[in-house]
1. Does the range 20-49 hold any residues that are in a loop (DSSP other than H, G, I, E, B) and closer than 26 Å to residue 95 by Cα, and which are they?
2. Is it the case, given these coordinates, that residue 26 is crowded, with 16+ Cβ neighbours inside 10 Å, at pLDDT 90 or above and either touching a Leu at 6+ places or on another chain (Cβ under 7 Å) or on the phi > 0 side of the Ramachandran plot (or both)?
3. Considering (1) closer than 21 Å to residue 31 by Cβ; (2) surrounded by 15 or more Cβ atoms within 10 Å (Cβ to Cβ), say which one residue 106 fails and leave the rest.
4. Test residue 7 against the stated conditions and say whether it is touching a residue at least 60 places away in the same chain (Cβ under 8 Å), closer than 14 Å to residue 113 by Cα and out of contact with any Gly (no Cβ under 9 Å at 6 or more places or on another chain).
5. List every residue pair whose Cβ atoms lie under 9 Å apart, where the two residues are 6 or more positions apart in sequence or sit on different chains, the first residue falls within the range 64-75 and is within 12 Å of residue 102 (Cβ to Cβ), and the second residue, located anywhere, is assigned to a loop (DSSP other than H, G, I, E, B) and of a type outside the set (Lys, Arg).
6. Taking the conditions exactly as written (closer than 17 Å to residue 58 by Cβ and either at pLDDT 95 or above or surrounded by fewer than 12 Cβ atoms within 10 Å (Cβ to Cβ) (or both)), does residue 42 satisfy them or not?
7. Go over the candidates 52, 97 one by one and state the one that is of a type outside the set (Asp, Glu) and farther than 20 Å from residue 9 by Cα.
8. Mind listing just one residue for me: the one in the range 88-103 that is surrounded by 11 or more Cβ atoms within 10 Å (Cβ to Cβ) and outside any strand (DSSP E or B) and, of those, farthest from the chain's Cα centre (by Cα)?
Amino acid sequence: MGTGFARQSLVHRINDAFNADKIEATAETAAKAGPDADAYQIVHTLELFGLADDQALEAYRAGLPIPALNNAILTAAFQYSVQNRIPLNFAISSGHAEGVQVTTSDKLVSVILTRID
């Protein structure tokens, strides 16, 4: 999901869209992606990537070396937030191994994606 300033900007846009004040509207818009949409399609449907079209999304997705299990967990977290209208807080950190950490409560889904840069 990008590096440097682009990554920080994307994280900010995601957190803004999924905050408590906007989660209802975000969930309604994200639902247009369909019930089986992955995290990238949800973010794309919300126009947070700033990509031109679905073809650009496919190229972006193909270029991300995130392990399949991590993508599945990331998708489950975003889907859960949207389907249950629970705010989501997202962070990307750098580390020595790829990882994803999800913590939940009735009021917040917190996701930390760790990337090898």
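1. Those that are in a loop (DSSP other than H, G, I, E, B) and closer than 26 Å to residue 95 by Cα: 38, 48, 49.
2. It is true that residue 26 is crowded, with 16+ Cβ neighbours inside 10 Å, at pLDDT 90 or above and either touching a Leu at 6+ places or on another chain (Cβ under 7 Å) or on the phi > 0 side of the Ramachandran plot (or both).
3. Failed condition: (2).
4. Yes: the conditions hold for residue 7.
5. Matching pairs, first to second residue: 70/98; 72/38; 74/38; 74/66; 75/37; 75/38.
6. yes
7. None of the others qualify; the one that does is 97.
8. To start, the set of residues in the range 88-103 that are surrounded by 11 or more Cβ atoms within 10 Å (Cβ to Cβ) comprises 88-93, 95, 98-103.
Then keep just the ones that are outside any strand (DSSP E or B); that gives 95, 98.
Working: 95: 19, 98: 16 Å.
Per the stated criteria, the residue is 95.
The values are calculated or read from the model by the stated rules, or taken from the named source; none is laboratory data. Quick caveat, the model's predicted, so the values are computed rather than measured. Please note: Cβ atoms are built from the backbone with ideal geometry, for glycine as well, and neighbour counts cover all protein chains shown.
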